[in-house]
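Notes follow once the structure below has been shown.
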Amino acid sequence: MKIKDLGERALIKKIADVLGESSPANGFVGIGDDAALTTCNQEAWLVTSKDMLVEGVHFLLPAMTPADLGYKALAVNISDIAAMGGVPRHAYVALALPKETEVEFILEFYRGMGPLAAELGTTISGGDTVSSPGPLMISITVQGEVDRQKALLRSGASPGDILCTTGPLGASAAGLALLLNGNLDCPEKLRSQALDAHFRPVPRVREADFLAHSGAVTAAMDISDGLLEDLGEISQASGCGVLLEEDKIPVHPAAQQIAPLAQSLAADWALNGGEDYELLLAVQSQRFASLSREYESRFGVPLLPIGKVVGEKGLWMVTKEGKRVKLTIKGFQHF
């Protein structure tokens, strides 16, 4: 069997089976969540995330500036730390570089990382550079910490929990559509908004730290592969199902305006587009209202409810017409 026939998620599960049990008696979390939790000290877990980005798969050159590429490469890794409720401390950057790469390109790449790292208290602590026949490849490892009793996992959701996100979705997909079709005619302000969402996503580190310490969140992850794909991950890890409400899916205004120009559906971008890097949360139902109020008072925006966790396995949606339909996952898959 070839990996293209198996798929990424199934491949990861087979690798985990080969390596053996990833959550032994001491409680650490290995393969299968946004990041790994290993022993740091008696009060905290060490949180480790590693992502690889490949030119032509994860980013397009020269459509993306080196500074934007550096920012995004670091941001998407930090977002995985945030999804566990962690605080990022150190980053390690490895680059596989074609020999014809301009030195200034690499320096601008690191300059793009600098402000984000400084803002979040993350130090670029090392890494490696090697030659590549092409394409350019980036591998980043980020390590942080989270209180042992506050770590957010994918596996804690229960029937009745409220599902919500920390922001609207689909803007990154709108930005990608603009990159892939330069002929789309839209106002410059709207174009800039969509491209910023695609190039410079905001990892929700401070928000996640607050949510982790609230004690009300039962499961969490960041929305990287699409809302439905990531809901499927929480559903599978928690052994439950998901029931969405179509009229509550938070579609970003940029997606709403750009999708018709690309002959696409904004709702589909919100459900399946991915790379939004908002947090996807399951929250205890009796605590959701108060948590959302406190969240809004701290961060200026409310939590956005999109549905609930149910006992019946699978992904379901109540349409605007009141019909209950089963959903098909169409999010990003590498294979």
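The values are calculated or read from the model by the stated rules, or taken from the named source; none is laboratory data. Because the structure is predicted, anything quoted here is derived from the model rather than measured. No Cβ is skipped: glycine too gets one built from the backbone with ideal geometry, and neighbour counts run over all protein chains shown. Only protein heavy atoms, including side chains, enter the accessible area calculation; ligands, DNA and RNA are left aside. Shrake-Rupley method; radii C 1.70, N 1.55, O 1.52, S 1.80 Å.
When only residues in region 257-297 that are among the charged types (D, E, K, R) and under 25 Å from Ser172 (Cα atoms) count, which is surrounded by the most Cβ atoms within 10 Å (Cβ to Cβ)?
Let us first name the residues in region 257-297 that are among the charged types (D, E, K, R), namely 268, 275-276, 278, 287, 293-294, 296.
Keeping just the survivors that are under 25 Å from Ser172 (Cα atoms) gives 268, 275-276, 278, 296.
Details: Asp268: 17, Glu275: 23, Asp276: 32, Glu278: 26, Glu296: 12.
So, considering only residues that are among the charged types (D, E, K, R) and under 25 Å from Ser172 (Cα atoms), the one surrounded by the most Cβ atoms within 10 Å (Cβ to Cβ) is Asp276.
Residue under question is Gly331, and the condition is that it be within 22 Å of the chain's Cα centre (by Cα) and at pLDDT below 95; does it hold? Steps first, please.
Values: within 22 Å of the chain's Cα centre (by Cα): yes; at pLDDT below 95: yes.
Yes; evaluated as a whole, the condition is true for this residue.
Yes/no matrix, rows are residues, columns are (1) modelled with pLDDT of 90 or more; (2) in contact with a strand residue (DSSP E or B) (Cβ under 9 Å, 6 or more places away or on another chain); (3) open to solvent by 30 Å² or more (accessible area, probe 1.4 Å); (4) not in a strand (DSSP E or B):
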position	(1), (2), (3), (4)
Ile31	no, no, yes, yes
Asp34	no, yes, no, yes
Leu37	no, yes, no, no
Asn41	no, yes, yes, yes
Val47	yes, yes, no, no
Lys50	yes, yes, yes, no
Leu53	yes, yes, no, no
Val57	no, no, yes, yes
Ala67	yes, no, no, yes
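Take Gly300 and decide whether it is on the phi > 0 side of the Ramachandran plot and out of contact with any strand residue (DSSP E or B) (no Cβ under 7 Å at 6 or more places or on another chain).
Yes.
Go through region 283-317 and give me each residue that's farther than 10 Å from Cys164 by Cβ and either part of a loop (DSSP other than H, G, I, E, B) or of a type in the set (Val, Ile, Thr) (or both).
Selection gives Gln284, Gly300, Val301, Val309, Val310, Gly311, Glu312, Lys313.
Six or more apart or on different chains, Cβ atoms under 8 Å: show the pairs whose first residue is in region 43-62 and over 16 Å from Ala73 (Cβ atoms) and touching a residue at least 24 places away in the same chain (Cβ under 8 Å) and whose second is open to solvent by less than 60 Å² (accessible area, probe 1.4 Å) and of a type in the set (S, T, N, Q).
Listed by first residue and then by second, the contacts come to Trp45/Thr38; Leu46/Thr38; Leu46/Gln143; Val47/Gln143; Thr48/Thr38; Thr48/Thr141; Thr48/Gln143.
Would you mention how many residues in region 187-201 are in contact (Cβ under 8 Å) with a residue 40 or more places away in the chain, crowded, with 18+ Cβ neighbours inside 10 Å and either part of a helix (DSSP H, G or I) or among the hydrophobic types (A, V, I, L, M, F, W, C) (or both)? Talk me through it step by step, then tell me what you get.
First, pick out the residues of region 187-201 that are in contact (Cβ under 8 Å) with a residue 40 or more places away in the chain: 190, 193-194, 197-201.
Restricting the remaining residues to those that are crowded, with 18+ Cβ neighbours inside 10 Å gives 193-194, 197-199, 201.
So of that shortlist, the ones also either part of a helix (DSSP H, G or I) or among the hydrophobic types (A, V, I, L, M, F, W, C) (or both) come out as 193-194, 197-199.
Adding up the residues that qualify gives 5.
With Glu246, Glu278 as the choices, which residue is under 24 Å from Leu291 (Cα atoms) and more than 13 Å from the chain's Cα centre (by Cα)? First the steps, then the outcome.
Values: Glu278 fails: more than 13 Å from the chain's Cα centre (by Cα).
Step by step, each of Glu246, Glu278 is checked, and only Glu246 is under 24 Å from Leu291 (Cα atoms) and more than 13 Å from the chain's Cα centre (by Cα).
For region 206-217, state whether one or more residues are under 17 Å from the mean Cα position of the chain (by Cα), closer than 30 Å to Pro260 by Cα and not in a loop (DSSP other than H, G, I, E, B).
No, because not a single residue in region 206-217 is under 17 Å from the mean Cα position of the chain (by Cα), closer than 30 Å to Pro260 by Cα and not in a loop (DSSP other than H, G, I, E, B).
Might you let me know whether region 122-131 holds any residue that is in contact with an Asp or Glu (Cβ under 9 Å, 6 or more places away or on another chain), among the hydrophobic types (A, V, I, L, M, F, W, C) and in contact (Cβ under 8 Å) with a residue 24 or more places away in the chain?
Going through region 122-131, the residues in contact with an Asp or Glu (Cβ under 9 Å, 6 or more places away or on another chain) turn out to be none.
No; the residues of region 122-131 include none that is in contact with an Asp or Glu (Cβ under 9 Å, 6 or more places away or on another chain), among the hydrophobic types (A, V, I, L, M, F, W, C) and in contact (Cβ under 8 Å) with a residue 24 or more places away in the chain.
Looking at region 85-103, which of the residues that are touching a residue at least 12 places away in the same chain (Cβ under 8 Å), open to solvent by 40 Å² or more (accessible area, probe 1.4 Å) and of a type outside the set (Val, Ile, Thr) is nearest to Arg206 (Cα to Cα)?
If we filter region 85-103 for residues that are touching a residue at least 12 places away in the same chain (Cβ under 8 Å), which is where we start, we get 85-99, 101.
In the following step, the residues that additionally are open to solvent by 40 Å² or more (accessible area, probe 1.4 Å) were identified as 89-90, 92, 99, 101.
Within this subset, residues satisfying the condition of being of a type outside the set (Val, Ile, Thr) are 89-90, 92, 99.
Values: Arg89: 13, His90: 16, Tyr92: 21, Lys99: 39 Å.
That would be Arg89.
Can you tell me which residue within region 257-282, out of those that are assigned to a helix (DSSP H, G or I) and of a type outside the set (A, V, I, L, M, F, W, C), is farthest from Glu188 (Cα to Cα)?
Here is the first cut: in region 257-282, the residues assigned to a helix (DSSP H, G or I) are 257-262, 266-272.
Narrowing further to those that are of a type outside the set (A, V, I, L, M, F, W, C): 257, 260, 268, 272.
Details: Gln257: 13, Pro260: 17, Asp268: 24, Asn272: 25 Å.
Result: Asn272.
Taking only region 144-173 into account, find how many residues are surrounded by 18 or more Cβ atoms within 10 Å (Cβ to Cβ) and either modelled with pLDDT of 95 or more or over 26 Å from Glu246 (Cα atoms) (or both).
20
Take region 218-254 and flag every residue that is among the small types (Gly, Ala, Ser), in a helix (DSSP H, G or I) and closer than 24 Å to Ala83 by Cα. Outline the logic, then answer.
Going residue by residue through region 218-254, those that are among the small types (Gly, Ala, Ser) are 219-220, 224, 226, 232, 235, 237-239, 241, 254.
Among the residues that remain, those that are also in a helix (DSSP H, G or I) are: 232, 235, 237-238, 254.
Result: Gly232, Ser235, Ala237, Ser238.
Being farther than 17 Å from Ser49 by Cβ and either of a type in the set (A, V, I, L, M) or in contact with an Asp or Glu (Cβ under 6 Å, 6 or more places away or on another chain) (or both) is the filter here, so list the residues in region 188-211 that pass it.
Correct list: Leu190, Ala194, Leu195, Ala197, Phe199, Leu211.
Given the conditions (1) of a type outside the set (Gly, Ala, Ser); (2) farther than 25 Å from Asn183 by Cα; (3) modelled with pLDDT of 95 or more, which single one is not true for Glu312?
Result: Glu312 fails condition (3) only.
Would you be able to say whether some residue in region 323-333 is among the polar types (S, T, N, Q) and buried (at least 21 other Cβ atoms within 10 Å of the Cβ)?
The initial filter retains those residues of region 323-333 that are among the polar types (S, T, N, Q), namely 328, 333.
Those left that are additionally buried (at least 21 other Cβ atoms within 10 Å of the Cβ): none.
No, there is no match, as no residue in region 323-333 is among the polar types (S, T, N, Q) and buried (at least 21 other Cβ atoms within 10 Å of the Cβ).
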